[in-house]
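Derivation of every value follows stated rules applied to the coordinates shown; laboratory data play no part. Nothing here was measured: the structure is a model prediction, and the numbers come from that model. Positions of Cβ are backbone-derived with ideal geometry, glycine not excepted, and every protein chain shown enters the neighbour counts.
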């Protein structure tokens, strides 16, 4: 039986920014419940929620102080249960974000560790100073700036934090940590959730002797990227744990496990693929090469081919945006963005793999950095102006053209997009030629044609800036051709008169039957009996 997630379109929701039901300027669970009919109409199969657990919000939920609760900003456990129930009634699954590399410094585990509680004292990674407390245990850097070590006067020792000092890393070499983590998964499975997205899962285990990371000479960007992260991530023990966790989840039903693998531009997608193991670790991992790829036929073809080759028999995921990256439409340049958005939608929803869409992509929300005084993201606050943070891709969802974009009754936690009066859900739903309707048609087409869900893919050589691939399952064969250029291009596949054009990104384009207009994409169904 095919797992539910293989054919799924998963919609990622950043809860703070989706819809504010109680009017306090912060999105909440009741807001998501009120928009379930919208999501059902769009056609998505599952919702991935960024963290909604109790948290001091130093990193907006990725600093968890209670894995089995709901932060009051989002509602309560009754709201969470209602969301799960109502989503299931509409045929949609729920995927929870799980942050297991670190907790908040306000988590009871960390507080107990500070008191030298016998059970919890080794739940985190502590090292006493060698000679002086000013000398850190090694040269590891925090991804959010500075040393990865922070001195704590109460323990008279350093603790490790791969991100903020308020996010101490758990010690996964302590078997009690793994035991507690699996109990947390079981807690949420009992609530009815259908899967988990694991944050920076490849950071769980660190080198037991805490060896220095080698320097990367000529490194650019953040100081974190000036090192080869040989000893603070990608340890073999992580693979062994993921195998145990996979068995644990498989014994509990058809439960999705998808992992964020932290790797930089000096590595390849093979790093991400490796954490799927031999179909015995994570079900899915994310390929960030697709988010970094240049908007060209050759670059996208190469990124896809490398991904499929690296995965082997493992199943791919396809995504072009998330809460940590600039939005996809703004990475393509300012010229002809509307046409380019349609091409990216066609690529995401017709390539082989589980599709993950980021909220607002269906209406073409753009990357819009906020002013310095409005920055909320801790990474943006630390690195500004070299790096302006992730707030630009986390702005509130634009529902209508009212003062606050229909997101809230008052000023929101991040400013609403200045483009909200023109680029919003209501306006696009009223326009049958809008991007929103195009996404809806694509998702419906994917549900109708099994080969787009679980069929094989063949990537053909790029010709004249056209990304061309076929999807096939049995006698069902579809040809997808995307002209990723500002000039007309010849079709690499000339449709047979009996072939059916299932979707055209530019139905009004004045193009010849054998030619694609600039930034035009088409999907043809090959007639049975005709030759490719």
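State the Cα centre-to-centre distance between region 380-445 and region 271-298 in whole Å. Each part's Cα centre sits 27 Å from the other's.
Given their separation in residues at 0.36 nm each and the Cα-Cα distance between them, residue 111 and residue 77 gain 9.8 nm when the chain is fully extended. Work out the FRET efficiency for residue 236 and residue 400 from their Cβ-Cβ distance, taking R0 = 56 Å, and round it to the nearest 0.05. Calculated value: 0.60. The Cα center of region 8-63 and the Cα center of region 196-222 differ in position by 30 Å. FRET efficiency for the pair residue 376 and residue 182, taken as 1/(1 + (r/R0)^6) with r the Cβ-Cβ distance and R0 = 30 Å, rounds to 0.35. In plain terms, the bigger the Kirkwood radius, the slower the diffusion; for region 456-525, with that radius from Cα pairs, at 4 °C and 1.567 mPa s, Stokes-Einstein puts D at 106 µm²/s. Extension gain, residue 387-residue 156: 0.36 nm per intervening residue step, less the Cα-Cα distance, totals 79.8 nm. A simple spin-label model places pseudo-atoms 7 Å from Cα toward Cβ; at residue 496 and residue 190 they are separated by 5.8 nm.
Extension gain for the segment residue 292 to residue 441, taken as residue separation times 0.36 nm less the Cα-Cα distance, is 51.0 nm to one decimal. Short-range pairs are left out: with C-alpha atoms under 8 Å and at least six residues apart, the relative contact order of the chain is 12 percent.
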